[in-house]
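Asker: Sharing a structure below in structure tokens format, with a few things to ask.
The values are calculated or read from the model by the stated rules, or taken from the named source; none is laboratory data. Only a predicted model underlies this, so the values are computations on that prediction, with no experimental measurement involved. Reconstructed Cβ throughout: ideal geometry from the backbone, glycine too, with neighbour counts over all protein chains shown.
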Amino acid sequence: MSQSVRTRPEGSGQALSEAYDTALLDLDGVVYAGGHAITHAVESLATAREGGMHLAYVTNNALRTPDAVAAHLTELGIPAAADDVITSAQAVSRLIAEQVPAGSRVLVIGGEGLRVALRERGLEPVESADDDPAAVVQGFGGPDLPWGRFAEASYAVARGVPWFASNTDLTIPSGRGIAPGNGAAVEVVRIATGAEPQVAGKPLPPMHRETILRTGAQRPLVVGDRLDTDIEGAFNGGVDSLLVLTGVTDGAQLLAAPPQHRPTYVDADLRGLLSGQPEVVAEGAGFRCGGWTATAGERLELDGDGEALDGLRALCAAAWTAAGEGACALDGGKALARLGL
Ligand SMILES: [Mg+2]
């Protein structure tokens, strides 16, 4: 284990869009936020695609069908087909199909994306615990999911029907704030039944397996904004990852990341796909990247000047090396403030 612990971001002499054959892109906080494309996403993805990189979109949100997600991306100026979209609804449907007889009935608590994905695996979505389901599945149902659906799930799960969840993200960002996600809905049924679901979504292996099966990626790069789903999913799948800072992760969280949350590369936004990545070099007691040198003492310190991202990469090396297999508890607030991060 200790051999494989990442202690600094890696460099790349090649543009990442050339070094990897397929980008497995998270959506919210990476490609779009709310109804808008994130700055630089549209043109960066177009350039990466023109250069031959295959783009796939990987989402834990089971509410919408791949068709609907692809249509939304296309509307934002990012041409995509349904085949380019992989959802946790697809991953959980495969997981269920492997464990129940072909053609089985499955009680669905969730949206259209989940029903379409179940039918794609030859399973029959049903609505009541009295419909004799062979499995129960929960996916994000959106704001209009009636409370009675949790009762249906609970009746079946309490009888011992196998229980599955597309994902367990506790929250979901909306234009108006943070809303309860599917993980919160799963907790409702867990509280009522004391049972434990099988989960498919990021960071768990069924989602990564679904993505690789559908894209045929040989050398994939996971691109995400969240450490405990996107980056940990890449870690669990044994593939490289790029963290972009356009979503939920800030500099302080990155510096405090335990090994499974440390990305291979760090960049500001999706322009990072189009460039190489600078090396972080050990130098004396510290680490240098570009014009910055970072050291770990009583706190994390930064000397020099230059690109803010280089300073962050140097700080990552100092923090992750100091933490080893743990999470760095040193204060990096002053150093991050110097970088404006
Ligand atoms: Mg995200």
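Asker: Mind checking which residues of segment 211-230 are farther than 15 Å from T249 by Cα and within 16 Å of the ligand (Cβ to nearest atom)?
Answerer: T211, L221, V222
Asker: For segment 29-52, enumerate the residues that are in a strand (DSSP E or B) and either away from the ligand (no atom under 12 Å from the Cβ) or among the β-branched types (V, I, T) (or both).
Answerer: H36, A37
Asker: Could you tell me whether V58 is in a strand (DSSP E or B), among the hydrophobic types (A, V, I, L, M, F, W, C), buried (at least 23 other Cβ atoms within 10 Å of the Cβ) and within 15 Å of the ligand (Cβ to nearest atom)?
Answerer: When the stated conditions are applied, V58 passes them.
Asker: Same structure again: Among the listed residues L274, L243, L309, identify the single one that is modelled with pLDDT of 95 or more, within 16 Å of the ligand (Cβ to nearest atom) and under 30 Å from R49 (Cβ atoms).
Answerer: The conditions single out L243.
Asker: Further, regarding this structure: Suppose we filter segment 232-259 for residues that are closer than 17 Å to A318 by Cα and under 13 Å from the mean Cα position of the chain (by Cα); how many remain?
Answerer: Within segment 232-259, residues that are closer than 17 Å to A318 by Cα and under 13 Å from the mean Cα position of the chain (by Cα) number 0.
Asker: Take A268 and decide whether it is out of contact with any strand residue (DSSP E or B) (no Cβ under 8 Å at 6 or more places or on another chain), away from the ligand (no atom under 13 Å from the Cβ) and not aromatic (F, W, Y).
Answerer: Against the criterion (out of contact with any strand residue (DSSP E or B) (no Cβ under 8 Å at 6 or more places or on another chain), away from the ligand (no atom under 13 Å from the Cβ) and not aromatic (F, W, Y)), A268 does not qualify.
Asker: Being within 15 Å of P220 (Cβ to Cβ) and in a loop (DSSP other than H, G, I, E, B) is the filter; apply it to segment 10-28 and report the residue that is farthest from the ligand (Cβ to nearest atom).
Answerer: D21
Asker: Hey, another quick one. Here are some residues: V108, V92, V137. Which one is touching a residue at least 24 places away in the same chain (Cβ under 8 Å) and part of a helix (DSSP H, G or I)?
Answerer: Of the residues listed, the single one that is touching a residue at least 24 places away in the same chain (Cβ under 8 Å) and part of a helix (DSSP H, G or I) is V92.
Asker: Looking only at segment 61-84, count how many residues are charged (D, E, K, R) and within 19 Å of A46 (Cβ to Cβ).
Answerer: 3
Asker: A further question on this structure: Of the residues P133, P125, P162, P180, which is modelled with pLDDT under 95 and of a type outside the set (A, V, I, L, M, F, W, C)?
Answerer: When all the criteria are applied, what remains is P180.
Asker: With segment 233-341 as the region, which helices (runs of 4 or more DSSP H) entirely inside it contain at least 1 residues that are surrounded by 18 or more Cβ atoms within 10 Å (Cβ to Cβ) and in contact with an Asp or Glu (Cβ under 8 Å, 6 or more places away or on another chain)?
Answerer: By residue number, 308-323, 333-339.
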